[in-house]
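Below: the structure, in structure tokens.
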Amino acid sequence: MLINFIEQLINGLRTGSIYALIAIGYTMVYGIAKMINFAHGDIIMVGAYALYFSISVLGLPVPVALLLTVIVCSVLGVLIEKIAYKPLRKAQPLAVLITAIGMSFFLQSSSLLIFGSTPIPFQSVIPNENIKVGPVTISSITLVTLIVTAVAMILLTLFINKTKLGSAMRAVSEDKGAAELMGINVNSTISMTFAIGSALAAVAGILYISQYQSMKPTLGALPGIKAFVAAVLGGIGSIPGAMLGGILLGLIESVSKAYISTELADAIVFGVLIVVLLFRPSGLLGKKKIVKV
């Protein structure tokens, strides 16, 4: 019983790590540009298809295909920002929201036209072997997912806190106008934020299809929604909050599926979000902001 519970927690950490990587993209864009990029979940799908195309069609070696996948998603993220969101920088929030939803449908429909609606099987780029740690069994995919996520989060934290570009991102997040007066290129900073968020989504997409080994045009929809829930749960705009929210969401989902009901797991996840927001509207690690009117 205890061994099974520990294994479920490990599975929850694996799923939660993927949610956390995606949630960081949501929260970074919101923190810098003050908008919700609902097309972000579909970047995962683009990353999955880019990896499939690189390996199965172009026949590239796996390391080159992985790098190309991250580059493709980063460039796509910047293009989405330049074409769809930059012209709406001063528009009403509703216009930006509708544009983000439209961009999400555009990416899904484009993938449907190119690859069709039939799910495409894809062999994991991570060798799937079981590793025994005492009485607990951990799959190699789970281990790689946890390590990659931990490294990505550490590198991102160091980048934001220890580099000039990271300082620029924090300055723009606090006050765009003041940052611009101090000589910071706000447009470049926002583009860089989209590139980094999309790169993390590409990594999440690679880990996701390594785990589920099948892809379709709507692949990124549900993980994207859950990652958004994770970002709100942790405190939208807070990177540590997105990390915490993703991990908690994965743990709650895994334990709910194992011990309560597979069908009710999603309802329980959203229920936890509602309860948390009732008592902490800004999320677990979010900060309350006083707005002058």
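Annotations
- Of the helices (runs of 4 or more DSSP H) lying entirely inside the stretch 1-88, the ones with 2 or more residues being open to solvent by 40 Å² or more (accessible area, probe 1.4 Å), in contact (Cβ under 8 Å) with a residue 40 or more places away in the chain and more than 14 Å from residue 226 (Cα to Cα) are found at 2-33, 62-80.
- Where residue 184 falls short, out of the listed (1) surrounded by 17 or more Cβ atoms within 10 Å (Cβ to Cβ); (2) in contact (Cβ under 8 Å) with a residue 40 or more places away in the chain; (3) assigned to a loop (DSSP other than H, G, I, E, B): (2)
- In this structure, residue 97 does not satisfy being buried (at least 19 other Cβ atoms within 10 Å of the Cβ), farther than 15 Å from residue 195 by Cβ and touching a residue at least 40 places away in the same chain (Cβ under 8 Å).
- Restricting the first member to the stretch 127-141 and to residues that are in contact (Cβ under 8 Å) with a residue 60 or more places away in the chain and more than 18 Å from residue 207 (Cα to Cα), and the second to residues that are outside any strand (DSSP E or B) and not β-branched (Val, Ile, Thr), the beta-carbon pairs closer than 8 Å and six or more apart or on different chains are 136/7; 137/7.
- Within the stretch 121-142, the set of residues being surrounded by 15 or more Cβ atoms within 10 Å (Cβ to Cβ), within 17 Å of residue 5 (Cα to Cα) and not polar (S, T, N, Q) comprises just one member, 138.
- No other residue among 196, 209, 160, 190 is in contact with a strand residue (DSSP E or B) (Cβ under 7 Å, 6 or more places away or on another chain), assigned to a helix (DSSP H, G or I) and either of a type in the set (D, E, K, R) or open to solvent by less than 70 Å² (accessible area, probe 1.4 Å) (or both) apart from 209.
- Where residue 239 falls short, out of the listed (1) open to solvent by 80 Å² or more (accessible area, probe 1.4 Å); (2) farther than 21 Å from residue 11 by Cα; (3) at pLDDT 85 or above: (1)
- Output for the stretch 255-287, where each listed residue is over 25 Å from residue 11 (Cβ atoms), open to solvent by 90 Å² or more (accessible area, probe 1.4 Å) and not in a helix (DSSP H, G or I): 280, 281, 287
The values are calculated or read from the model by the stated rules, or taken from the named source; none is laboratory data. In this text the structure is predicted, and so the values were computed from the model without any measurement. A quick note on method: Cβ atoms are made from the backbone with ideal geometry, for glycine too, and the neighbour counts reach across all protein chains shown. Side chains included, ligands, DNA and RNA excluded: accessible areas come from the protein's heavy atoms. Shrake-Rupley method; radii C 1.70, N 1.55, O 1.52, S 1.80 Å.
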